[in-house]
Amino acid sequence: AAVLGLWAVFGWIYWQRDRELTARYHDSLLHAQSIAWNKLLGESEASLRAALAELLARPDWALAATAADRSAQTEALRALVGSRAGWRVDLYDERRAMVYSSSAAAQPEPMADASWLSRVLAGNGPELAIAQTSSDHFHLVMLRTFPDGAPARGVLAVGVDLSQLLQPLARTLDGEAFLLNLRGRAVSGSLVQLPAGGRLDTRRSISAASPR
């Protein structure tokens, strides 16, 4: 009985040690994921900021914005998105109505809701956020009022689909990466075929909106 008891103690110690090592491994993996993801978000933010700054500095855009020339504005916004994969741009007037979107959807959901637009137009809203643009799509979105340096006559929203960041993330981590919705279901991933039912082990997941 003493021998059996001793083996039971050794077994418990081994199980506890294995559990601790597994927990440490998962923690280090989550840390690596967080660093890699935040780096990709930072690079995307810099790209969005640079694209908006370039557009707002163009004389033709300033003229079109001042004259509320929708045709000229639309042409400039199409050029802004160009061949950038996963990019989208929305144009809102001073009444917060979406008057243009580069989205291919028949009835696209705005990337910015009325509350966010109101705060930005009032000068006290965040310029960057992650927005759910459909049941299966999330965008990193940056807002800027225009004309630049003048009373706001509208808002520009430029965003990049977060699914575009999953392949680079997977390559960095030497694994696979998935984007989960708020219910924990995978809506996109670095694999063409998502897991059956979209269900994954969320213990090794991080928030897409992790603070940088």
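The values are calculated or read from the model by the stated rules, or taken from the named source; none is laboratory data. Not measured: the values here are computed from a predicted model. All Cβ positions, even for glycine, are placed from backbone atoms using ideal geometry, and neighbour counts span all protein chains on display. Ligands, DNA and RNA are stripped out before the accessible areas are found, and what is left, the full protein with its side chains, is counted by its heavy atoms. Shrake-Rupley method; radii C 1.70, N 1.55, O 1.52, S 1.80 Å.
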At a Förster radius of 41 Å, what calculated FRET efficiency corresponds to the Cβ-Cβ distance of Ser83 and Ala122, to the nearest 0.05? 0.70
Summarise the accessible area of segment 62-156 (1.4 Å probe, protein heavy atoms) by the percent that is carbon and sulfur. 48
